[in-house]
Amino acid sequence: PARYFDTKTTEPISFFLSGLEELLAWQPNSNDDFNISAVPLAKRQPPLHSRRPRTLVCHDMRGGYLEDRFIQGSATRNPYVFYHWRYIDIFVYFSHHTVTIPPVVWTNAAHRNGVSVLGTFITEWTDGEKLCEAFLAGGEEAYGAVAEQLARIAQRYRFDGWLINIENTLSAAAVANLAPFLRDLTARVHSAVPGGLVIWYDSVLQDGTLRWQNELNEENRVYFDACDGLFTNYNWKEEQLQHTSRLAGPRHADVYVGVDVFARGDVVGGGFDTDKSLRLIRQYSLSAAIFAPGWVYEHLGEENFLQNENRFWGLLAEYLPTHSICTLPLATSFSLGMGTTRFLDGKNEESGPWYDLSVQEIQPLYPEYQGRLSTGCCLQDAWCGGSSLRLQGTIAPGEERVAVRLFSLQMPAPPKLFLTLLYKLEGPQPDDFTVALEVTTWDSGTCLEGNPTSLPEPNGRHHPRFLPAPPPGLAKLLAACHRGSYGWTSRCYELELQDCSLRDLSVIVSRQQPSPLETSFTCLLGEVRVLDTASVAASPPQVHSVTASQLWWQ
């Protein structure tokens, strides 16, 4: 069927639904199995429901369902990717189809990085008025059927809820049922999807007129009260933020203040001035909804996209509270889910462009220190996948080393950790530097490293013990300790901790010899792993009753 398979290639594709009839007729079937997310939502700290202001990204690009609709990837050159997942909480996939089901590749990438994904239910113009009249003015049974279908769709494809965007005038009969519909939908999504969300876009007022308020006020509060949050329109002024914050009270983090990166209309700041908007939003402890950050790709072009993207998010980083990883194992090759080549164990396996967000790996923090350090993606060389993480920086005169924080962590440390690192030093004198991992723990009087007689390190810094060879029980898994090839260096470490709580994982680049001069370095990271020895040594669960379906040979 054309909805589920590309007519030219027969490859499985992601899809949307148009109109009320298609929504009400939707049933799960065996052709749509490809659209079910295979990656559960990873846990992170702080969790979504904490009171800390959040960051939502609303992705709206050229009508949606571009190359990202190909569930098993495509040979796309210079595709759009998003990888600053540590800095955001919610990812909304937006299009102007009635029911936008997020392409499963986005759900997989976001979930692997702990970010919730919402689809969009939108009605607009005169067609939207008719559609709303049909299901809202029709009463409880009619709007209940729509709510039920939306909840079932999110549950079936394993994404996390909906942005509701009613951008047309409503009749008195329809508007009377809008808040009850939102309450009903929110309750159904909460029960069908663990941690599910319904967010309302600032559009229709309680009397049914379409008038964007750019704030939370008495005209639209009824909808905010009926669901999990409000996404405001973009043309706000500071006094509206003040008013919104006051009215929201303890729910201030449930108001997502809209920021249009394309800066259409009268806005505080978009483009590379988006930080001006965020600074004000955060002053009032409100959440932010960054709309169309694909501006970087669409407006500035595909050529230097990765540099421009790092610059864009780097300017915002001060206003984006980051998230910690709170489960082990942590393993990543930093691949973006795209590339110009596919690498395996450092070897170029296949040249040619590829794009598949489902195989994007866990993404790190991307720290930038003006003039001292930049972190970015390297597509020219990788250990596994399409890219490695490039650290470029300088070690100042008289200093020995630079620490680059890759991940913040928040979990009790197991008694024994194994860590592996694959790296490659570039530049004229790679032998001038050493590269190692550092783990920091939260300050506590009880945290000890190694045997009980050792003293805790200052500032909770721990330098794991280098292992020249993997321990016997782990030789197969940690073959990495021996396998530096194609110029990559491989390192294995062990760290024993007692009563500690993990805080950060950093990579340390040090000079071999002290120097009065500034020294520049470039280091590629190919893979990092942090493993709990006890769970690694345990034998993996047996797999039973495997079935294969939808096989198509060419």
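Things to note:
- Screening the chain for DSSP H helices whose Cα atoms reach 24 Å or more along their own axis and whose mean Kyte hydropathy is at least -1.0 gives 140-157.
- Spacing of the two label points (7 Å from each Cα toward its C-beta) at Gln512 and Lys43, in nm: 4.4
- Backbone geometry of region 284-293 corresponds, through the Karplus equation with coefficients 6.51, -1.76 and 1.60 at θ = phi - 60°, to 3J(HN,Hα) couplings of 9, 6, 9, 7, 10, 10, 8, 9, 6, x Hz, x marking Gly and Pro.
- Ellipticity estimate at 222 nm from DSSP helix runs (n ≥ 4, -39,500 (n - 2.57)) divided over the chain, nearest 500: -6000 deg cm²/dmol
- The modelled label-to-label distance between Glu318 and Arg3, using points 7 Å beyond Cα along the C-beta direction, is 4.9 nm.
- Computed with a 1.4 Å probe over protein heavy atoms only, the accessible surface of the chain comes to 42 Å² per residue.
- Relative contact order %, region 330-537, counting alpha carbon pairs below 8 Å whose residues are six or more apart: 32
- FRET efficiency for the Ser18 to Thr489 pair, using the beta carbon distance and R₀ = 56 Å, is estimated at 0.55.
- Cα centroid separation - region 487-554 against region 237-254, whole Å: 43
- One decimal place: the segment Ala538-Phe272 gains 90.8 nm when fully extended, by the rule 0.36 nm per residue minus the C-alpha distance.
- Carbon plus sulfur fraction of accessible area for region 330-537, probe 1.4 Å, in percent: 52
- Note on region 215-289: Kirkwood radius taken over Cα pairs, Stokes-Einstein applied at 4 °C and 1.567 mPa s, translational D equal to 106 µm² s⁻¹.
- Region 1-61-region 387-434 distance, computed between alpha-carbon centres (Å): 37
- Taking max minus min of the alpha-carbon positions on each principal axis, region 330-537 gives extents of 54, 46, 28 Å, largest first.
- Inter-part distance where region 63-103 and region 108-164 are each reduced to a Cα centre, Å: 18
- Extension reserve of the Ala75-Asn29 stretch, reckoned as 0.36 nm per residue once the Cα distance is removed: 13.7 nm
- Cα Rg, Dmax (largest Cα-Cα span) when computed across region 294-366, Å: 14.9, 40
- (i) 0.97; (ii) 1.54; (iii) 1.03, with the label sought being that of the calculated Cα Rg over 2.2 N^0.38 Å: (iii)
- You can think of it this way: the chain between Trp125 and His190 has 20.4 nm of extra reach, that is 0.36 nm per residue less the Cα-Cα gap.
- Between the beta carbons of Arg401 and Asn304, assuming R0 = 25 Å, the FRET efficiency works out to 0.25 to the nearest 0.05.
The values are calculated or read from the model by the stated rules, or taken from the named source; none is laboratory data. Here the structure is a predicted model, which is why all the values come from computation and not from measurement. Ideal geometry is used to build each Cβ from the backbone, glycine not excepted, and the neighbour counts take in all protein chains shown. Keep in mind that these areas ignore ligands, DNA and RNA; they rest on the heavy atoms of the full protein, side chains included. Shrake-Rupley method; radii C 1.70, N 1.55, O 1.52, S 1.80 Å.
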